[in-house]
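Trainee: Here's a structure for you.
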Amino acid sequence: MDLWKVSIATTSEASDAISYMLSTLEAHAIEIEDRQDLYTRQKPDFGEIIDEDALGFTSQEAVVHAYVKAQTKDSAEIAPFVDLVKERLIDVTASGLDVGSLAMSVSYVAADSYLHAWRDYYHPLEVGKRLAILPSWEQEAPFSLADRHAIIMEPGIAFGTGTHETTLLCLEVLEDQLDPSYDVLDVGTGTGILAIAAAKLGARRVVAVDLDQDAVTVAKENCIVNDVADRVTVYHSDLLGAIDEQQTFHVVTANLLLAILRDLLPDVVHVIKPQGYLIASGIVASQREEAVQLMQANGFTTIKTYQKNDWITLLGQSEG
């Protein structure tokens, strides 16, 4: 399977936020790359697509690449994805980060050349005190797995592998808060890593939803590989559209951008149990106050903030 590569010129400061935004779309892999070339050829308008050879970046700037499945070599195929990226970049810009030029390029690449690079990059990873993430091709970890639940993942969306700060934070909060009697809802499940972790940590029942049908397929496959398919149900759903309000949950995880969280929260109150926990991630540290106020306005008290680098995860509790 060949791929389209959509490249976005940005700054080191904003590269993680843009990577996270791309993970919420139909990108099957994401890569951040530093560039040394000078940006001297041209300065395009916001989001304008230019030839890749025309892109250049100062030593302080970065390039974020999103890889999307290609069915043909006709560039018209990737145009809707590019338009959606432009729309979502507006939200990233609104976060207050220095986003740089946001010049974009599109190119066609063979899948094999990229997938081999993923295998060189991802290795077994310890998470918290009781979890470990193992690539499917490297299941012998250099650390003891005796007291850890191993989550086996295939390469795909970068954040689904568990290496991004937002996912690591969610996993650690789940480990801290999860009780074996709890029912868990994972919104925007991606590759299913949070849902799988919840099941392995002992959750009684887990429901996972995602708008991307490909993500739903991958999440179901990963649940089978990790022997939790009997406890995790994965739905294709736009946020909570597929969730019956008669179903309620002790914990809701939402590893989403703040702009999406804003749309989600008014509905979460209908599916979370009284005194239930909301784990809200995907939030840039500079957005903390806005996120706390948003949660409070929707009936959640923020009881703890977790942080890794420029990202935070808020643990909220329902006031109901």
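Trainee: Enumerate the helices in the chain for which the Kyte-Doolittle hydropathy averages 0.0 or more and the C-alpha atoms extend at least 15 Å along the helix's axis, using complete DSSP H runs.
Mentor: 12-23, 79-94, 165-177, 213-225
Trainee: In a Debye calculation with equal point scatterers on the alpha-carbon sites of segment 162-318 and no solvent, what is log10 I(q)/I(0) at q = 0.11, 0.18 Å⁻¹?
Mentor: -0.36, -1.04
Trainee: If packing is taken as the mean number of other Cβ atoms within 10 Å per residue, what is the order of 287-294, 8-15, highest first? Write down the numbers at each step before the final one.
Mentor: Numbers: 287-294: 16.8, 8-15: 21.9.
Answer by packing, highest mean first, reads 8-15, 287-294.
Trainee: What does the charge dipole of the chain about its Cα centre add up to, to the nearest 20 debye, if the Cβ of each Lys and Arg holds +1 and the Cβ of each Asp and Glu holds -1? Before the final figure, lay out the partial values.
Mentor: Working: 22 positive and 49 negative charges, 156 e Å.
With Lys and Arg at +1 and Asp and Glu at -1, about 740 debye.
Trainee: Continuing with the same structure: Cross-link list Lys86/Lys129; Lys86/Lys308; Lys200/Lys304; Lys5/Lys220; Lys200/Lys308: which exceed 32 angstrom alpha carbon to alpha carbon?
Mentor: Details: Lys86/Lys129 39 Å; Lys86/Lys308 27 Å; Lys200/Lys304 24 Å; Lys5/Lys220 26 Å; Lys200/Lys308 24 Å.
Pairs exceeding 32 Å: Lys86/Lys129.
Trainee: Let me ask something else about it. Can you give the Rg and Dmax of the chain based on its C-alpha atoms, in angstrom?
Mentor: Looking at the chain, its Cα Rg and Dmax stand at 19.4, 60 Å.
Trainee: Given Ala197, Asn222, Ala79, which one lies farthest toward the positive end of the charge dipole of the chain, if we put +1 on the Cβ of every Lys and Arg and -1 on the Cβ of every Asp and Glu?
Mentor: Toward the positive end, the furthest listed residue is Ala197.
Trainee: Any chance you could check the Cα centroid distance between segment 14-30 and segment 121-154 for me, in angstrom?
Mentor: 23 Å
Trainee: While we're here: With just the Cα atoms defining each centre, how far is segment 161-211 from segment 217-251? Give it in Å.
Mentor: Taking the Cα centre of segment 217-251 as reference, the centre of segment 161-211 is 10 Å away.
Trainee: Taking the mean number of other Cβ atoms within 10 Å as a proxy for protection, how do you rank 68-81, 259-272 from highest to lowest?
Mentor: Highest-to-lowest ranking by the protection proxy: 259-272, 68-81.
Trainee: For the chain, what is the relative contact order in percent, using Cα pairs closer than 8 Å and at least 6 residues apart in sequence?
Mentor: Numbers: 681 pairs, mean separation 46.2, N = 320.
About 14 percent, as a whole number.
Trainee: Here is a further query. Taking loop as defined by DSSP and a crowding limit of 14 other beta carbons within 10 Å, which chymotrypsin sites (Phe, Trp or Tyr not before Pro) in segment 143-252 fit? Numbers along the way, then the final one.
Mentor: Working: sites: Phe143, Phe159, Tyr182, Tyr235, Phe249; in loops: Phe143, Tyr182.
Hits after loop and neighbour filter: Phe143.
We did not get these values from a lab; they are worked out from the coordinates using the rules stated. What you see is a predicted model, and the numbers here were worked out from it, not measured in a lab. FYI the Cβ positions are ideal-geometry reconstructions off the backbone, even for glycines, and counts take in every protein chain you see.
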